[in-house]
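Structure record follows, encoded as structure tokens.
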Amino acid sequence: MSNHTLDQNILRQVLFILLIIGLGLLLFYELSFFIPAVLGSLTLYILMRKRMHYLTEVRKWSGPKAAWLLMILSFLVILLPIGILVNLLTSKIVYAVEHSSQILDSLKRFSEEMRQRFGFAIADDATINQIGPFIRKIIPQILSITVNTISIIGVLYFVLYFMLIYSRVMEDKLYEYIPLRDSNVDLIAKDIDTTVRASAIGIPLIALIQGVVALIGYLFMGVQDPFLWFAITCVTAMLPVVGAALAYVPLTIIFFAQGKNVQGLIMLIYGFGVIGLVDNLFRFILNKKLGNIHPLVTVFGVIAGISMFGFIGLIFGPMLLSLFIVLLKVYSNEFFSKKRESKRANTPE
């Protein structure tokens, strides 16, 4: 009779878990558009929670007042500079679309100069002509991305506001509902906090430092549109493996194609010797300060994160990979530690 009752309880529990998973997947599918906004609000919450607790519990500010202050500061410090960079790149793309025929002619001349000087062409005329229709399709996509981004930012701050106001309640409920020991929940929370801080602060900060160092070189070497190339360097520096080389290698090729061999050589040496060194040096320093995350976790996490979440994957890719590793440790602590302890207790000395 007890076995029959036990089977009934297990069956009910399994069915209930399947119901929860099914509803969760349905909600995830229907609200997938807002995933970047939720992930962004979670990132900002992790960065702000200690300051929120300080303002409300030590300085005795009201929750809404503290939340509004932190959200305004986050907008000015984080989103506004990103918006300026994106606007700079977007304006150049719009210009390229409006003057696509002149740009295609310039590309053909550039390709011909490369063929005459080095014996090979970057692309033939037929391939370059195919770029035209592609360029003309960019404007509607940019407008669509802009509207979507504004919507995502609005949802992001809407969710963040309530996360900050109900911070303590939300965290207490997580401890209550997560079916793990508090020590393991603390381990997961610490890992998420460390990885998000290292990714959300470290990756953009290193990219900005590389961009500033590159801008100094661009101005010194007389690069045309140096601030445009500064924005390109900042964006590409956040990409794994190739990084800022996607900016200074094309500049090197352009210098050589224009017959400016000395500037091309200097650009090549400056790119790999100075801009690349800045990346390695500051990445090592910031990893020690913000969290000692293994470089492979960052590289493979960013690759996976961008594929899954887009730009926000720069932060959440490493977090998911690091979280996967921590969950393996939590699983071992949660379900095998008692078995190990019982084995030690039963082993005769």
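The values are calculated or read from the model by the stated rules, or taken from the named source; none is laboratory data. As the structure is a prediction and not an experimental result, all values here were calculated from the model. Neighbour counts are summed over all protein chains in view; Cβ atoms, including those assigned to glycine, are modelled from backbone coordinates with ideal geometry.
Give Phe33, Phe28, Phe75 a once-over and let me know the one that is of a type in the set (A, V, I, L, M, F, W, C) and under 19 Å from Ala200 (Cβ atoms).
Details: Phe33 fails: under 19 Å from Ala200 (Cβ atoms); Phe28 fails: under 19 Å from Ala200 (Cβ atoms).
Sole residue among the options that is of a type in the set (A, V, I, L, M, F, W, C) and under 19 Å from Ala200 (Cβ atoms): Phe75.
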Scanning region 19-50 for residues that are among the hydroxyl-bearing types (Ser, Thr, Tyr) and free of Cβ contacts under 8 Å to residues at least 60 places away in the same chain gives Tyr29, Ser32
Identify all residues within region 299-312 that are modelled with pLDDT of 70 or more and surrounded by 12 or more Cβ atoms within 10 Å (Cβ to Cβ); write none if there are none.
Val299, Phe300, Gly301, Val302, Ile303, Ala304, Gly305, Ile306, Met308
Answer residue from region 172-194, given it is within 22 Å of Ile35 (Cβ to Cβ) and exposed (fewer than 13 other Cβ atoms within 10 Å of the Cβ) and is nearest to the chain's Cα centre (by Cα) among those:
Leu174
Within region 178-272, which helices (runs of 4 or more DSSP H) (wholly inside it) include 1 or more residues that are farther than 29 Å from Asn87 by Cα?
182-197, 245-257, 261-270
Pairs returned, first residue in region 62-76 that is surrounded by 15 or more Cβ atoms within 10 Å (Cβ to Cβ), second residue that is among the aromatic types (Phe, Trp, Tyr) and in a helix (DSSP H, G or I), beta-carbon separation under 6 angstrom, 6 or more apart or interchain, are Ala67/Tyr161; Met71/Tyr157
Which residue, of Val274, Val249, is touching a Leu at 6+ places or on another chain (Cβ under 9 Å), surrounded by fewer than 18 Cβ atoms within 10 Å (Cβ to Cβ), more than 25 Å from Ser74 (Cα to Cα) and among the β-branched types (Val, Ile, Thr)?
Val249
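Have a look at Gly243, Gly202, Gly217, Gly211 and point out the one that is modelled with pLDDT of 85 or more, within 29 Å of Ile46 (Cβ to Cβ) and touching a helix residue (DSSP H, G or I) at 6+ places or on another chain (Cβ under 8 Å).
Working: Gly243 fails: modelled with pLDDT of 85 or more; Gly202 fails: modelled with pLDDT of 85 or more; Gly217 fails: within 29 Å of Ile46 (Cβ to Cβ).
Being modelled with pLDDT of 85 or more, within 29 Å of Ile46 (Cβ to Cβ) and touching a helix residue (DSSP H, G or I) at 6+ places or on another chain (Cβ under 8 Å) holds for just one of Gly243, Gly202, Gly217, Gly211, which is Gly211.
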